[in-house]
Amino acid sequence: CRITDENISTLYDYKRTRRYLSGFLQILQQNILIKELSYKQKIMLIWHKYLRLLIPVFIFLSYFCIGILVHHGTGYIILFSLLTLAGLLSFLPARPRYQFRMKMLIRMSILCLVGLVDVFIKKIFSWIKQEPARS
């Protein structure tokens, strides 16, 4: 028996994130599937799958707000600089001796945010293309 661990960077790449988000949107479009779920299962689906997609959005909004507050004091400058550095470090290749523990969480959040924007923009364009031409 041989056990191997997947490299975490291959588990959370951008293609996988987009595919994951597209799958969530497809589930939402399946009314029959959702109607068959119990009330408890619907709550769990929303809580465990969809609300956690808001975490990267809230992280970005926090980063953006701290960026706006930079002119209010040195503390905001330091915090904004540290958050920017952490975001940049999350995309550097991993070295075994220097592990940044939050690296994958930050990277996953950034990829999820970009993936959300990408998937929703594509969805909006597909809706626009499907709309019948008005004369």
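General observations
- Taking the criterion of being open to solvent by 100 Å² or more (accessible area, probe 1.4 Å) and farther than 21 Å from Lys123 by Cβ, the residues of segment 15-47 that qualify are Lys35, Glu36, Tyr39, Lys40, Trp47.
- Output for segment 1-29, where each listed residue is at pLDDT below 65 and part of a helix (DSSP H, G or I): Ile8, Ser9, Thr10, Leu11
- Residues located in segment 84-106, provided they are open to solvent by less than 70 Å² (accessible area, probe 1.4 Å) and either modelled with pLDDT of 80 or more or part of a helix (DSSP H, G or I) (or both): Thr84, Ala86, Gly87, Leu89, Lys103, Met104, Ile106
- Test: Arg52 is of a type in the set (D, E, K, R), in contact with a helix residue (DSSP H, G or I) (Cβ under 6 Å, 6 or more places away or on another chain), closer than 16 Å to Met108 by Cα and assigned to a helix (DSSP H, G or I): no
- Residues considered: Leu54, Leu116, Leu79. Of these, the only one that is at pLDDT 75 or above, open to solvent by less than 90 Å² (accessible area, probe 1.4 Å), over 25 Å from Tyr20 (Cα atoms) and of a type outside the set (Val, Ile, Thr) is Leu79.
The values are calculated or read from the model by the stated rules, or taken from the named source; none is laboratory data. Note that this is a predicted model, so its numbers are computed, not measured. Glycine gets a Cβ as well: all are built from the backbone with ideal geometry, and neighbour counts include every protein chain shown. Ligands, DNA and RNA are excluded from the accessible area calculation, which covers all protein heavy atoms including side chains. Shrake-Rupley method; radii C 1.70, N 1.55, O 1.52, S 1.80 Å.
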